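Beneath this line is the structure, given in C-alpha cells, with notes to follow.
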Amino acid sequence: MDFPSKEIVQNIREQYPQGMAVELISMSDPYTTIPPGTRGTVTHVDDTGTVFVRWDTGSTLGAVYGVDEIKPAEGNTNGY
C-alpha cells in the first residue's frame, strides 16, 4: 500500500477535523461488525491519512485512506 503525501494527509485533516460527525459508506475489513450507514465522531487523523472514528456502535476502528469510505454525516459539508 502506498501512503499518501503530507499534503494529502493535511487535506484529510482539514476535511475531517476532530469532533466532526461522519457516516460509514463501506469498510474493507472482513472482521468488522460496523455496518454501512453507521455514524460516529472523528477523534483524529494519523500520519497515514487514516481517519479514526468513535463509532456509535462503540468501536473505534479507523477508516483507511484509499480503502474504506466515509462521508460527512448529514449537515456537514466536507467530503472524503
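Data table
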{"item": "Long-range neighbours under 6 Å by Cβ, at least six apart or interchain, first residue more than 14 Å from Arg54 (Cβ to Cβ) and in a loop (DSSP other than H, G, I, E, B) within the range 3-23, second polar (S, T, N, Q) and modelled with pLDDT of 95 or more", "result": "Phe3/Thr48"}
{"item": "Residue selected from the range 1-28 under the condition under 11 Å from the mean Cα position of the chain (by Cα) and hydrophobic (A, V, I, L, M, F, W, C), by the criterion surrounded by the most Cβ atoms within 10 Å (Cβ to Cβ)", "result": "Leu24"}
{"item": "Scan of the range 42-80 for residues that are hydroxyl-bearing (Ser, Thr, Tyr), closer than 20 Å to Arg13 by Cα and over 9 Å from the mean Cα position of the chain (by Cα), ordered by number", "result": "Thr43, Thr48, Thr60, Thr77"}
{"item": "Residue among Tyr65, Tyr31 that is part of a loop (DSSP other than H, G, I, E, B), loosely packed, with under 11 Cβ neighbours inside 10 Å and of a type in the set (Ser, Thr, Tyr)", "result": "Tyr31"}
{"item": "Test for Thr41: is it at pLDDT 95 or above and either exposed (fewer than 14 other Cβ atoms within 10 Å of the Cβ) or assigned to a strand (DSSP E or B) (or both)", "result": "yes"}
{"item": "Filter result (surrounded by 15 or more Cβ atoms within 10 Å (Cβ to Cβ), in a loop (DSSP other than H, G, I, E, B) and not small (Gly, Ala, Ser)) within the range 47-56", "result": "Thr50"}
{"item": "Hey, Pro30 over 22 Å from Val9 (Cβ atoms), at pLDDT 95 or above and of a type outside the set (Ser, Thr, Tyr) or not", "result": "no"}
{"item": "First in the range 60-73 and free of Cβ contacts under 8 Å to residues at least 60 places away in the same chain, second anywhere and basic (Lys, Arg), Cβ under 7 Å, 6 or more apart", "result": "Thr60/Arg54; Ala73/Arg39"}
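The values are calculated or read from the model by the stated rules, or taken from the named source; none is laboratory data. Please read all numbers here as calculations on a predicted model, not as lab measurements. Note that each Cβ is placed from the backbone with ideal geometry, even for glycine, and that neighbours are counted across all protein chains shown.
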